[in-house]
Each structure stands twice: as structure tokens, then as C-alpha cells.
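Report on the following structure.
Derivation of every value follows stated rules applied to the coordinates shown; laboratory data play no part. Just so it is clear, the model here is predicted, and its values are computed rather than measured. Here the Cβ positions follow ideal geometry from the backbone for every residue, glycine too, while neighbour counts run over all protein chains shown.
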Amino acid sequence: MQKVIHGIGHSVKRKEDPRFITGNGRYLDDIKLPGMLYLAFARSPYAHAKIKSINVEKAKAMPGVVAVITGKDLQPLNLAWMPTLANDKQMVLPIDKVVYQSQEVAAVVAEDPYLAKDAAEAIEVEYEPLPAITDPRKALEKGAPIIREDKGTNHVLHWEAGNKEEVEKIFKEADIVIKQEFYYPRIHVSYMEPCGVIAHYDKITGKLTIYMTTQAPHPVRTVVSLITGIPENNIRIISPDIGGGFGGKVYVYPPYVVAAVASVLTGRPVKYVFSRSEDIQTTAFARDFYITGELAAKKDGKVLAIRVKVIADHGAFQGDANPSKFPYGLFTIVTGAYDFKAAFVEIDGAYTNKPPGGIAYRCSFRVTEAAYTIERLMDILAHELKMDPAELRLKNFIPSNKFPYRSALGWEYDSGNYEAALRKAMELINYEELRKEQEEKRKKGELMGIGISSFVEIVGAGPSHTFDILGIKMFDSCEIRIHPTGAVIARFGTRAQGQGHETTFAQIIADELGIPIEKITVEEGDTDTCPYGLGTYASRSTPTAGAAAAVAARKIKEKARKIAAHLLEVREEDLEWERGRFYVKGSPSKFKTIDEIAFAAYTNPPPGLEAGLEAVEYYNPPNMTFPFGSYICVVDIDKQTGIAKVRKFVAVDDCGVRINPLIVEGQIHGALAMGFGTAFLEQIIYDENGNNLTGNFNDYTIPTAVETPKWITDETVTPSPHHPFGAKGVGESATVGSPAAFVNAVVDALAHLGVKHIDMPLYPWKIHRILKDKGIIK
Amino acid sequence: MPKHHISLVVNGKKVEADVEPRMLLVHFIRDVLGLTGTHVGCDTTNCGACTVILDGKAVKSCSLFAVQADGKELLTIEGLAKDGQLHPIQQAFWEKHGLQCGYCTPGMIMTSYWFLRKNPNPTEEEIRNAISGNLCRCTGYVKIVEAIQYAAKLMQSKELKK
């Protein structure tokens, strides 16, 4: 009988969970080193102001204070500014002006976190307030106050893609053209564990160890080395258990640099953990896109061309986390699931007095904004044509026999069957019946809406010829070592933050080598021990590191074949692999198990073959993967309160082959809740002076169990043809796909009243105001 | 700052310490006692990651001072498993995939512990209300609710066996 190995396709419970459910996880703030000091910051109350003076004398004299650090102290070290991921630079601590509210102004290093905060409050800063700009459209107006004197302009960059002339021609000749402005609000990732750092410089060895809540430890090490001149072997980045990341922990924040400087200065470990409020007010934002979308179509509903213009808000520094060649990420997936002849996208970015970031919040580099744009536009077109939105989508989907498909903006979609996913979702939710119910409800004056979103993602960055960050190619890695008893340690260049890599990566190796997952330990997040990789974000871990695990395991299998041939005294080609063993063709009773082979690799290797059984793979994916799905949402609107209640939500996802269906479902659930938060609850709001009005968990309302709906999930499976085992990645599909489904449903409920669009978040007051304006309620 | 002497029972063991009056209970638990399973996720008492049981009641330990725990009995996530056996709630969270990053998990489990004692046979709506002061950003709550429902079943069958 085959032993149970829990390979690909098993919903095995997670290997990492025992430590978390017993309180034994080791997150950054749980780490306490001997002699540790603590940082606290004086922060700017103004969004834009000149610094006239900083007086640190009182703070310095306070009990427990070891040092106070200002921008002027960092200047001689050439560290008052640091490079961003996007070819800009960012203040670590300011010298003469602040550019967003709550920006770090000066740091206190003290023996105890309470004392550090006391002293930070005693730092006296004299400011001269300047006019603040919080709207990128205003920032680009002539005569707007300049935020970055070093740049001399508020314009960050202009970027375009596609064929402008062809699109213009099609728009001129089309039967129908629709146009809509959308604002995709600024939101905050709000992982449950705030960001933090512990820097530990060892004066004796010269080694700088930095514990950091980071999703990408290896590139961080390289950047730290390049900035400081410390050789990479003397820098160790440790990313311990991470309490959620979702893109927000890719960034290197100013306090990390200050902590490192403080540790070098004092020779002691220095810790800083953001409070939640500091985290929301200063760490990376997402979205903040002002979008104008247009579609050209024939009167029968066949779409022809799409044109999109965006004004992007970058905050005070261009810190967007994107691959080098894509300043606006993969927004060019905006043609979605549809067969467009031509497309054109142009984006202008602006500096504003808001914190920088521009991170891919649970999405592959601006894919969320793109999916929202196309899926809203399709609904608006359907409404204009008086066509059912499902019918319009079915009419325009890229047919399943056209894959691989070259999109109008140049991507080669690997595989897809969009019609199958939508039809399945329609069947599950009983679409035809719902439309009938809606018609009857409308007659009675009740408000019910149905929203569809048939999204396509582009994930798994990415092929080396196209994708790099700071010049480093976006491969990812796996190193597998099989020890004499057949036990495995596998290390990766990625870093999970809740995705369950310790389980799913073990399942991949188990599947390839026939070794039960109990005998496989997965390690990530330590640059001293793990192979180099670009990290975990943009749904890239399974397409890159997961693929690396399969390929490395196959390399091991090749060596195992040589050892088995030696042990069985047959030729290599006479052996057949069956999960967990090689046997002699035609004589299945003659075999060697992977355990026996592993033992022999150290005790009895074939003559001429080196001992050991290990392999490493730096996997360069041949293409991106293109997960997709169709979501349908049903809402009922309470007229008196304006509350839109999600009655039912069906999510059919196609992420190719699923490694652990239970974990996949968990990922989809979580991303749906985030999409729900985006659609209904969350927005970072600034007043005209640049004050953040939503800077803590009282005012920035992420969903609780009470508001969050339940989900009906299902799947279609269209394997990726180029991935070693057909997987595509799933962590972000639902944050990408769901916001349009929610908004489409709410707008659909009000469409007969002439409502074409409502910007997220769909606060009850917005709906209530519309109903009042339309005379539906008093 | 002058310190106050406090004495309390933590996970069944007597503990004594001298603490500053302003020290938050959560910092006492984490930094003085070294019980780091109780987490800090916010500074406005919204997130519930710091939830512990104080004299039988679920409390957010960031909203109390350590001195307020003087003379009381405290149970943290570390005290839940007995003799190497997971508590049924822990078991249920594991089996039903009620956690992802694990950061909110101890607080969720402690709230569930208090809630299931009050209401051993809850409806889904009651569960959702009970954990409304505990935020989770990973799971979308569905599997947490399922875990708590399953834990209720496990605890009832355990009661029956007694």
C-alpha cells in the first residue's frame, strides 16, 4: 500500500499552525535581544512645513535616553535620504522641511520603549506651515506649490502603452462610445501585525543583523550593502513570522535605516515597532488612481477599443513598488478577458503631501485598478446598450480556442476559459431567476442589484527578459537537501506572511519525490541560509518558487536514478519512477525507495558520483501566468438607511492546479473580505491641509465578522501550460476581481433610476443621498 | 517613577512583580512575563489581538494597566493547552483552517474561550457578534466562524464523555 504523503491536491491541515495556535509564533516584536534599546520618533503635525529649528536638548537629558538622531546627524553618513524602489529618493529624516503628516522628524534611542516615547515628546520643533496639496490633479495645475524643490516640479512621470492613433481611429468610427470617470480610493493594507525592525550591529565581527517585517529579505540585503558599503556576507536579514503583508511589507521604511544607524552608533541592538496609528499614517498606501475610461463598441455589443487615462497620486516620493520596466506595473492587463482590436493607456503621476507607497496591495502591480476599470466599463456599456451584462461579456470573451492569446497591449495570455467560469457562476447563483426576481422587485419599488466581474490577472513575475527590480531579475529559488534518513530541508527565496508555504511547498516536494510532508521542513526568510530570491508578493510564490521546488526535486530524481541503478545493478534507462521509488522495468518487485536511495547517497554512492542528495534551482518562468474567474454578487438596498447588504456572492476561480484546496479557499475568502472592505468601508481621507482623518483603527474601518458576508466558492481548472505542474497563483485573485462585482451590483440596483456610477467606498450616506436626490425617499 | 507591587495568578502559577503604574497589562504580559503569544495590533482597542481572560472574562489587555490585574487570575493563550493536549478551540482552528498569518489567532481563540463558556451552543450570528471586537485581515472570517462552531461541538462531546 502507498503511504499517504499529502502531495498536490490534498487539503492537509497546515504544518505551521501548531506554533500559532499555542502562542508560540515568533513575530518581530516577540524578539528580545540582550542589551536592546528602543526607538521612538517625533513626528510632524503638518503635511507641508519648513523646519525652522529642532531642539533636542531636553530630550537628551531625560532618563534612559542614550542618543537623539536628527536628519543633520544622518547627513555626514550620506543617509539623510535613501533610494526608493522606483529610482527616486526619500527622506529618512528631514533637514529643512517635512512633506507629509506624521513624517518622522527626529529619533530617540532609549533603554525602554516608554522612556523613548517620553523623550520623543520632549523634542521641540519649530515649523513654518506651507500650503499642502492632497489631490494629484491640483498638484499638476500650473502655479501649484512645489512639494519637491529637488525636483522642481510636482510631475513624477508620464507613461503610455498601446497604439494611440489606431485607438483614435476606432473611436471616431465606432457605433457607440462610452466614457466614465472613476476614483479608486487610497487605501491601506492594514496587516494585523504592524511593521517593525531590530537592527543589531556586532562591533566585534562587523556583522549587521537586521530583523525586519519584510516580504523580500534578499533584495533588502543587497540594497543595504550597496548603500552602506558593508559586504553582503556581513549583512543578515531575518524575516521572522510575518503577521500579514499584502504588499505593505515590501517597502523599506525610514525607521529601519534609523535603527541600523542607531545600532552602529551604540553597538547595541535597537528595536522599533510602529504603533498602528503610525503605521496607517506613514507606511505605504495603495491605489489612489483617478481613472477616465472609455470603450468603443459596435451597436451589437462587440467591443473594439479601450482608452484609459489615469492621474496617479504618489505622495511626496515616488516609491511605487514595480518591476523596473513598468512604472505603472501591469495596468496594461486593462483589456481584461475581452478580445479588443486596440487599446491605449496613458498615466501621469504627481507628488502630493501624502506618504509615499504605491504598493501592490494584494495584487500584481496595479492589476486591481485595471480589473476594476474594465469590469466597470463593461457594465456601463451593457447598461447603455440595454443589454444583459452577462450576455455582453459572453459575446466579447477571448474564445477558449484562441490561447495562447496576444492581447492588444502585448501580453501573451497562457491559458483561459472565461466562458466556462462565467457560466458556472451563473448556474451556481441561478442568474436567470435572479433577473426575474429583480424585475418583480423593481415593480414593487424594491432595490436589488446583481453585479458580475469576470477578471483576468497577470501574476508570477516574472520572465528575466522583461522583469527585474533594481536590475535584479525576478526569478525565485528553492534549495532541497535530502539527508541520509530521507528527511528533507528545503529553503526558498520567498517569504510567506500567512500563505502557508511551509505546507504547500512541502506538498510540491512530497508529490515529486514521494516523501511524506512530515519529513519535509520548509524554511524561508533568512538571507544567511536561504537561496537568493525576490520574495513573496504579486502572487508570485507558486509560479516562481513553487516551480523551483518542482524543478529542484526533478534534478534530485535524476541523481537518485543513478544511485538506484548502482544499487540494483541495472542501467539507468531500465528504471521506472513511481512516486517514492525507482523499480526495474518489468520487475516491479525489484526497487529502491527514495529513503534507501538517500541513505546510499551518503553511505554507498556509485563510483565517480559525488556524495549527497541535494539540488538548487533558480527558476526563471518562461511567461507570466494568467489566473481568472467570474464573480457574481447580489445586493439588496435598504432605502431608509442606504445600506447595501450583500445577500449572496458566488466566486468561481481558476488558478490552474490547486496544491492545497483548503488553503486556496482560505486565500480566496480573505481576499474577498479585503475586496469587500475596499468596496464598502475603507478609504484614507485627507482634509485640505493634509491632515489624515482616518489615521487609526477607529476611523479606518476594516471589516469585522459582523459586516463581512459569506461566500460561495467554486472552481474551474485550466492549467498553466508552462508551469511545471500547471499552477497559476491565487493569493490575490479576489482582491482584484471582487470590488467591481460589489460596485456593479449596487449600481445595477439603482440603474433604472439613471445611476451610472458611484465611487467606492459605497458608504450608506452616498446611496442615501442618491435616493433622496432621485425622490425615492424623503 | 515609583513602582507598585502586584501579585497575581498567571496560567495557574503565582507571579509577583514591581511595575510602573502606567505599564499596560499587555506589556506586562509580553515584556515582563515573556508570554509573547498575546499580541499588540493597534493602539485604539479595536483589534482584539491582545485579548486574555482576566477572572473569567475576556478583556483587551491593552486597555488595562498591569496594576489593575493585581490579585486576579489571568489566562493567556500559553495556558490553554493542558498536558501537551491542545484545547478543543485550538484543535478546531487548526482543523478548519481558522488562521493564516496567525497574528490575530491567540486573541480570537481567547475570545472564543470566554464566549463558548457563556454560550456553548451558539448560532452563527451570535459567533459573529462575539468576535466583532477581534479583527482578522487574512481569513475573511468564514473559517474562523466554522472553527468556533466546530469547537463548540468538540467541547460538548467532551462534556458528554465526562
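Quick look at the numbers
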| read-out | value |
| --- | --- |
| Footprinting exposure proxy for A:PHE397, A:PHE680, A:PHE591 (fewest neighbouring C-beta atoms within 10 Å first) | A:PHE591, A:PHE397, A:PHE680 |
| Approximate shape of region B:4-79 as ellipsoid semi-axes (Cα gyration tensor, √5λ), whole Å, largest first | 17, 14, 11 |
| Radius of gyration and maximum dimension Dmax of region A:85-241, Cα, Å | 22.9, 75 |
| Surface/4 of the Cα convex hull for region A:502-558, nm² | 4.1 |
| Residue order, fewest to most surrounding Cβ atoms within 10 angstrom, among A:LYS772, A:LYS778, B:LYS82 | A:LYS778, B:LYS82, A:LYS772 |
| Links that overshoot a 30 Å alpha carbon limit, given the list A:LYS172/A:LYS766; A:LYS645/A:LYS774; B:LYS57/B:LYS153 | A:LYS172/A:LYS766 |
| Estimated FRET transfer efficiency (A:VAL717, A:LYS169; beta-carbon r; R0 35 Å; 0.05) | 0.30 |
| Kyte-Doolittle mean at least -1.0 and Cα axial length at least 20 Å: DSSP H helices in chain A | A:367-385, A:547-568, A:661-680, A:733-750 |
| Euclidean distance between Cα centres, region A:75-89 to region A:180-216, Å | 16 |
| Scattering profile of region A:474-588 at q = 0.11 Å⁻¹ [log10 I(q)/I(0), Debye over alpha-carbon scatterers] | -0.39 |
| Euclidean distance between Cα centres, region A:348-363 to region A:297-337, Å | 15 |
| Chain B: relative contact order as a whole-number percent, Cα under 8 Å and 6+ apart | 23 |
| Taking chain A and dividing mean pair separation by its residue count, relative contact order in percent (alpha carbons under 8 Å, at least six apart) | 16 |
| Calculated diffusion of region A:627-778, Stokes-Einstein form, Kirkwood radius summed over Cα pairs, 37 °C and 0.692 mPa s, µm²/s | 193 |
| Sparse-neighbourhood loop sites, chymotrypsin sites (Phe, Trp or Tyr not before Pro) in region A:277-375 - DSSP loop, at most 11 other Cβ within 10 angstrom | none |
| Förster radius 22 Å - calculated FRET efficiency between A:ASN691 and A:ASP759, Cβ distance, rounded to 0.05 | 0.55 |
| Average other protein chain Cβ within 10 Å of Cβ, residues A:693-703 | 3 |
| Simple label model, 7 Å out from Cα along Cβ direction - A:LYS302 to A:THR205, nm | 6.8 |
| Region B:4-79, relative contact order in percent, only Cα pairs under 8 angstrom and at least six apart counted | 41 |
| Neighbouring partner chain Cβ atoms per residue of A:664-676, average, 10 Å criterion | 4 |
| Percent breakdown of C-alpha pair distances by 5 Å bin, ordered from the shortest bin, for region A:1-126 | 2, 9, 14, 14, 13, 11, 7, 7, 5, 5, 4, 3, 2, 1, 0, 0 |
| Extended-chain gain in nm, criterion 0.36 nm per residue less alpha-carbon gap, A:MET387 and A:ILE227 | 51.8 nm |
| On Cα atoms only, tilt of B:105-118 relative to the major axis of chain B in degrees | 70 |
| Cα gyration tensor shape for region B:88-161, rounded if a/c is under 1.5, else prolate or oblate | prolate |
| Under 11 Å, Cβ to Cβ, from B:TYR141 - net charge with Lys/Arg +1 and Asp/Glu -1 | +1 |
| Mean-position separation - Cα centroids, region A:1-72 and region A:506-557, in angstrom | 27 |
| Peptide-level mean, for A:242-255, of C-beta atoms on other protein chains within 10 Å | 2 |
| Descending semi-axes in Å of the protein assembly as shown, equivalent ellipsoid built from Cα gyration tensor | 40, 38, 31 |
| Convex hull volume per residue for region A:568-677, taking Cα atoms only, in Å³ | 210 |
| Estimated [θ] at 222 nm from DSSP helical runs (n ≥ 4, -39500 (n - 2.57)) normalised by residues in chain B, nearest 500 | -9500 deg cm²/dmol |
| R0 of 60 Å, Cβ-Cβ distance A:LEU470-B:LEU154: FRET efficiency to nearest 0.05 | 0.75 |
| Range in chain A, longest, excluding exposed GluC sites (Glu not before Pro) [loop by DSSP; at most 13 other beta-carbon atoms within 10 Å] | A:150-568 |
| Cα Rg, Dmax, chain B, angstrom units | 15.9, 53 |
| Residue-averaged [θ]222 nm for chain A, counting only DSSP H segments that reach four residues, each worth -39500 (n - 2.57) | -8500 deg cm²/dmol |
| Net lengthening on full extension, A:LYS325/A:ILE176 (0.36 nm per residue, minus Cα-Cα) | 50.2 nm |
| Set A:LYS60/A:LYS249; A:LYS519/A:LYS557; A:LYS309/A:LYS473; A:LYS341/A:LYS710 screened for pairs whose C-alpha atoms are more than 28 Å apart | A:LYS60/A:LYS249; A:LYS309/A:LYS473; A:LYS341/A:LYS710 |
